[in-house]
Protein chains: 2
Amino acid sequence: MRKVDVIQAILSDNNAVAEENRKALDAAGVFGINVMASPGAGKTSLILATAARLPDETKLCVVEGDLASSIDAELIAEQGIPVVQINTGGGCHLDAAMIRSALPRLPLDEIQLLMVENVGNLVCPANFLLGTHLNVVVASTPEGHDKPFKYPGMFNAARIVLINKFDLSEVFDFDLEYFSNGVRMLNPDVPIIPISCRTGAGMDAWVAWLLKNS
Amino acid sequence: MRKVDVIQAILSDNNAVAEENRKALDAAGVFGINVMASPGAGKTSLILATAARLPDETKLCVVEGDLASSIDAELIAEQGIPVVQINTGGGCHLDAAMIRSALPRLPLDEIQLLMVENVGNLVCPANFLLGTHLNVVVASTPEGHDKPFKYPGMFNAARIVLINKFDLSEVFDFDLEYFSNGVRMLNPDVPIIPISCRTGAGMDAWVAWLLKNS
């Protein structure tokens with residue numbers, strides 16, 4: 001069996017499980033979001049800052065994906081948000097089977113929104129459907145404005161791109177136009193919203209977009 | 001063939017090619033470094049800042065690994081440094097066969113040092129030997145001090161850890177002791193050097209260490 005056949009077989013199996021997950025979420029009336037980013041771009045911060053701004057009738061739960069540790073899940077749980085930690089044991093992305101195993105441990109009948117924090121990786125997670133409804137890619141100004149050109153698969157997979165740590169864009173000489181041109185070459189109509197999870201800038205625009213599109 | 005068998009076969013083939021690469025480098029008297037980090041941590045900046053501080057008798061060349069684009073290779077070439085760009089076409093790491101294909105395009109008889117910039121990814125590159133002599137992992141303060149706990153494979157594979165953008169450690173509440181404890185749990189004797197490619201802080205210590213250990 002050639003390497004490429006194996007990879008296609010793995011992706012095809014994954015897609016079938018992702019479809020099951022989607023049906024389970026739809027049946028429960030839960031909208032699922034796959035949050036993807038480089039390590040340290042601010043995925044957990046985005047989840048916490050989003051949770052703080054959701055209306056009371058939109059209840060959230062979270063799946064945390066990490067190679068190891070439960071640092072992020074503990075931060076989420078401290079805010080009273082139901083959370084399941086998945087440790088991939090070295091694996092570089094979440095896959096649909098991991099989400100399938102997490103779903104029965106979540107109170108799907110009591111929530112409206114599921115945010116899945118993928119492994120910090122700007123490459124591999126883009127290739128694995130989870131069964132969620134929406135891909136959010138979180139870029140950040142310290143990473144530089146050239147990332148769309150270097151990691152096209154991820155920015156191509158995004159339904160919305162958030163640029164975190166935008167309060168520090170001048171410190172990092174971050175060129176929003178250059179970045180946006182790179183994204184739009186790949187993905188012409190994707191919204192791009194500069195945010196700062198720390199200061200809260202841009203968060204209202206993101207949450208309004210999310211509520212409109214979920 | 002099970003998935004795990006396929007992965008083991010791929011890694012075993014890769015190790016054999018890595019051994020060939022090592023012999024080719026040793027025969028030419030070239031010391032090879034594999035630079036690994038998250039996207040935007042500062043791999044290219046490290047290479048440029050290192051090049052500027054090497055003694056005249058230590059000539060450098062570079063292999064640039066990216067999914068797409070030649071942005072970094074152009075920056076390196078502008079400094080008069082011989083460079084080969086490898087585009088992985090979506091692949092999440094360099095492998096030994098890619099390095100083997102690059103070696104004949106490098107002036108190995110005229111240089112002493114080869115720096116390989118791996119794909120920006122804190123997971124997958126750690127699993128693929130390239131035939132280089134030394135793994136450098138570049139962390140950065142904006143990514144946060146919890147990365148060793150979350151990405152243990154990478155920090156376990158490091159022979160030295162550099163923490164870039166350390167001039168901004170206060171902005172990001174970066175706790176050096178927490179980070180260092182995480183690294184040392186995995187890799188007790190690895191040197192950890194805070195640096196700033198922008199200000200030059202720590203660069204002399206890194207270059208001195210490199211010249212002593214190459």
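What about A:PHE149, is it within 14 Å of chain B (Cβ to nearest Cβ), touching a residue at least 40 places away in the same chain (Cβ under 8 Å) and either aromatic (Phe, Trp, Tyr) or under 21 Å from A:SER12 (Cα atoms) (or both)? No: the conditions fail for A:PHE149. Within the range A:47-82, the set of residues being of a type in the set (S, T, N, Q) and out of contact with any Leu (no Cβ under 8 Å at 6 or more places or on another chain) comprises A:SER69, A:SER70.
Each row is one residue, and each column tells you yes or no for (1) closer than 20 Å to B:GLY153 by Cβ; (2) touching a Pro at 6+ places or on another chain (Cβ under 9 Å); (3) in a helix (DSSP H, G or I); (4) of a type in the set (Val, Ile, Thr).
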| position | (1), (2), (3), (4) |
| --- | --- |
| B:ALA9 | yes, no, yes, no |
| B:VAL17 | no, no, yes, yes |
| B:ASP26 | no, no, yes, no |
| B:ALA41 | yes, yes, no, no |
| B:THR44 | no, no, yes, yes |
| B:THR50 | no, no, yes, yes |
| B:SER69 | no, yes, no, no |
| B:GLU74 | no, no, yes, no |
| B:VAL84 | no, no, no, yes |
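Determine, yes or no, whether B:ILE99 is within 24 Å of B:ILE7 (Cβ to Cβ) and in a strand (DSSP E or B). For B:ILE99, the condition - within 24 Å of B:ILE7 (Cβ to Cβ) and in a strand (DSSP E or B) - is not met.
Scan the range B:52-101 residue by residue and report those that are in contact (Cβ under 8 Å) with a residue 40 or more places away in the chain, out of contact with any Asp or Glu (no Cβ under 9 Å at 6 or more places or on another chain), away from chain A (no Cβ under 14 Å) and among the aliphatic types (A, V, I, L, M). Listed by number, the residues that qualify are B:LEU54, B:LEU60, B:ILE99. When each of B:GLU117, B:GLU143 is tested for being surrounded by 22 or more Cβ atoms within 10 Å (Cβ to Cβ) and over 24 Å from A:SER45 (Cβ atoms), the lone residue that passes is B:GLU117.
Among the residues of this structure, A:THR199 counts as one that is farther than 15 Å from A:MET36 by Cα, among the β-branched types (Val, Ile, Thr) and surrounded by fewer than 17 Cβ atoms within 10 Å (Cβ to Cβ). Within the range B:86-96, if we keep just the residues that are part of a loop (DSSP other than H, G, I, E, B) and of a type in the set (A, V, I, L, M, F, W, C), the residue that is surrounded by the fewest Cβ atoms within 10 Å (Cβ to Cβ) turns out to be B:CYS92. Of the residues examined, B:ASP109 is not one that is facing chain A (nearest Cβ under 10 Å), farther than 25 Å from A:ALA73 by Cα, out of contact with any Leu (no Cβ under 9 Å at 6 or more places or on another chain) and not in a loop (DSSP other than H, G, I, E, B). Checking each residue in the range B:13-68 for being among the acidic types (Asp, Glu) and closer than 28 Å to A:PRO148 by Cβ picks out B:GLU64, B:ASP66.
Among the residues of the range B:61-84, those that are within 24 Å of B:GLU110 (Cα to Cα) and either among the aromatic types (Phe, Trp, Tyr) or crowded, with 20+ Cβ neighbours inside 10 Å (or both) comprise B:CYS61, B:VAL62, B:VAL63, B:GLU64, B:GLY65, B:ASP72, B:ALA73, B:ILE76, B:VAL83, B:VAL84. Tell me yes or no: at least one residue of the range B:154-165 is over 21 Å from B:LEU210 (Cβ atoms) and at pLDDT 95 or above. The answer is no; no qualifying residue exists.
Within the set A:ASN121, A:ASN127, the sole residue that is in contact with a His (Cβ under 7 Å, 6 or more places away or on another chain), farther than 24 Å from A:MET203 by Cβ and at the interface with another protein chain (Cβ under 9 Å from one of its Cβ atoms) turns out to be A:ASN121. Give the residue that is surrounded by the most Cβ atoms within 10 Å (Cβ to Cβ), with candidates limited to residues of the range A:1-51 that are within 12 Å of chain B (Cβ to nearest Cβ) and among the β-branched types (Val, Ile, Thr). Checking each candidate, the answer is A:THR44.
For the range A:146-159, the count of residues that are under 16 Å from the mean Cα position of the chain (by Cα), over 22 Å from B:VAL119 (Cα atoms) and not small (Gly, Ala, Ser) is at least one. Taking the conditions exactly as written (under 19 Å from A:ILE81 (Cβ atoms) and within 14 Å of chain B (Cβ to nearest Cβ)), does A:CYS197 satisfy them or not? Answer is yes for this residue. The residues on offer are A:ASN164, A:ASN127, A:ASN213, A:ASN121, and the sole one that is of a type outside the set (Gly, Ala, Ser), under 22 Å from A:ASN21 (Cβ atoms) and touching a Cys at 6+ places or on another chain (Cβ under 7 Å) is A:ASN121.
For the range A:83-115, filtered to residues that are small (Gly, Ala, Ser) and touching a Gly at 6+ places or on another chain (Cβ under 8 Å), the residue that is nearest to A:ASN34 (Cα to Cα) is A:ALA96.
The values are calculated or read from the model by the stated rules, or taken from the named source; none is laboratory data. Computed from a predicted structure; not experimentally measured. So basically every Cβ, Gly included, is an ideal-geometry build from the backbone, and we count neighbours across all protein chains shown.
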